[in-house]
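Engineer: One structure coming up, written as structure tokens, with questions to follow.
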Amino acid sequence: MHRKFIREMFLGGLRPSDSCKFETKEYEKFQKQFTLLYREIQGMLPKEKRKRLEQLCDAHTAMQGEIVIDAFVNGFKIGMNLAAESFYSEEK
């Protein structure tokens, strides 16, 4: 059995997140919107409260990271189940 792909993933040479491209027009639109809103809100806050806005954004980013990881794991499980079913199912 050829295991190059599995070995590369195990050794850390294959990272699915590296293949993500955020160059779509839709992503750019949301990124610009976020940046404008962030700067607007930041400008409305007194200097001593700006750190809280940054903490809020950091917490949201961490939550999104967990969602992405969970979605990848679930997608991987679904893919493995589909592969197993297609190769080992008794139905033809």
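Engineer: Compute the helix-to-body angle for 25-44: its Cα long axis versus the longest principal axis of the chain, expressed 0 to 90° and rounded to tens.
Structural biologist: The two axes meet at around 30 degrees.
Engineer: Set Lys and Arg Cβ to +1 and Asp and Glu Cβ to -1, take the dipole of the chain about its Cα centre, and tell me which of I67, F30, L82 lies farthest positive.
Structural biologist: Of the listed residues, the answer is F30.
Engineer: Using a probe of 1.4 angstrom, how much of the accessible area of the chain is carbon and sulfur, in percent?
Structural biologist: On the way: 5530 of 9180 Å².
Carbon and sulfur together cover 60 percent of it.
Engineer: Is there a quick way to get the dipole size of the chain? I mean about its Cα centre, with the Cβ of Lys and Arg at +1 and of Asp and Glu at -1; what is the value in debye to the nearest 20?
Structural biologist: Values: 16 positive and 14 negative charges, 91 e Å.
Computed charge dipole of the chain: roughly 440 debye.
Engineer: When ligands, DNA and RNA are left out and all protein chains stay put, how many square angstrom of accessible area per residue does the chain have with a 1.4 Å probe?
Structural biologist: Details: 9180 Å² over 92 residues.
Spelled out: the 1.4 Å probe surface of the chain, per residue, equals 100 Å².
Engineer: Right, next: Would you calculate a helix-derived [θ] at 222 nm for the chain, using -39,500 (n - 2.57) for each DSSP H run of n ≥ 4 and dividing by the full residue count, to the nearest 500?
Structural biologist: On the way: 3 runs with 66 residues, N = 92.
Using -39500 (n - 2.57) per qualifying helix, the result is -25000 deg cm²/dmol.
Engineer: Compute for the chain: radius of gyration divided by Kirkwood radius, i.e. Rg/Rh, restricted to C-alpha atoms, rounded to two decimals.
Structural biologist: Rg/Rh for the chain comes to 1.19.
The values are calculated or read from the model by the stated rules, or taken from the named source; none is laboratory data. The model shown is predicted, which means the values in this text are computed figures rather than measured ones. Cβ: placed from backbone, ideal geometry, glycine included. Neighbour counts: every protein chain shown. SASA here: full protein model, heavy atoms, side chains in, ligands and nucleic acids out. Shrake-Rupley method; radii C 1.70, N 1.55, O 1.52, S 1.80 Å.
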